[in-house]
């Protein structure tokens, strides 16, 4: 059924860097620390990954071929709800300020200690988890049971037949919102306002998140066994809620 792990990974990370040695070092270190890590070499490859995956944090090198890290960070921060750490070879105050103004959450100058990168990633993801758990109110019900799953809103947790299921925080936000509003079709705009409060996100970002949630619930990303797509209107949770 869902992705069941005794120790869920720490978060999903995308590394954007044109230096293959640096990509290898960061990927191996963070993978050993429990992160799910993808790497790409430029902005074009980054957008392809962003269209098919959701990430908690993007580690963005400034000196990329084509669009540089500043340009990519600005567009990424405006279009996706993702943490961004900028990395540059220049330890320059102007670069650091510019990166933060473009929408980066943090900044590292090369060479940096991998332990420091790890600590900064953990800090960003903790903030994201706290914001996610606060973005959906518990309401009158805290536990929902459907097809072997239990959704615990207060604990921000999903289990299947008693085993914990790993879901990205935004996937869980989406599931909670859909389940709580299961008696109606919810528009894309309403979903985006709830899952990404105060942010403007692209329709493709929501579509990717729905596919990810369906896969987590053992749909193949297209089947509508639990989440129905109503074309031109939005989405609806159609699983049968029952007793434990």
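Data for the structure
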read-out	value
Any hit, segment 133-144, residues being modelled with pLDDT of 80 or more and more than 25 Å from residue 214 (Cα to Cα)	no
Top-ranked residue of segment 50-71 - restricted to ones that are out of contact with any strand residue (DSSP E or B) (no Cβ under 6 Å at 6 or more places or on another chain) and assigned to a helix (DSSP H, G or I), ranked as nearest to residue 116 (Cα to Cα)	70
Candidate set from segment 17-40 (those that are part of a loop (DSSP other than H, G, I, E, B) and in contact (Cβ under 8 Å) with a residue 40 or more places away in the chain); member that is surrounded by the most Cβ atoms within 10 Å (Cβ to Cβ)	17
Residues that are surrounded by 12 or more Cβ atoms within 10 Å (Cβ to Cβ) and assigned to a loop (DSSP other than H, G, I, E, B), drawn from segment 93-111	103, 104, 105, 110
Qualifying residue in segment 206-214 (condition: within 16 Å of the chain's Cα centre (by Cα), part of a loop (DSSP other than H, G, I, E, B) and closer than 21 Å to residue 125 by Cα)	no
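Condition check ((1) more than 21 Å from the chain's Cα centre (by Cα); (2) surrounded by fewer than 20 Cβ atoms within 10 Å (Cβ to Cβ)) across all residues:
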residue	(1), (2)
156	no, yes
161	yes, yes
165	no, no
176	no, no
195	no, no
198	no, yes
202	no, yes
227	no, no
242	yes, yes
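The values are calculated or read from the model by the stated rules, or taken from the named source; none is laboratory data. None of the values given here were measured: they were computed from a predicted structure. Glycine gets a Cβ as well: all are built from the backbone with ideal geometry, and neighbour counts include every protein chain shown.
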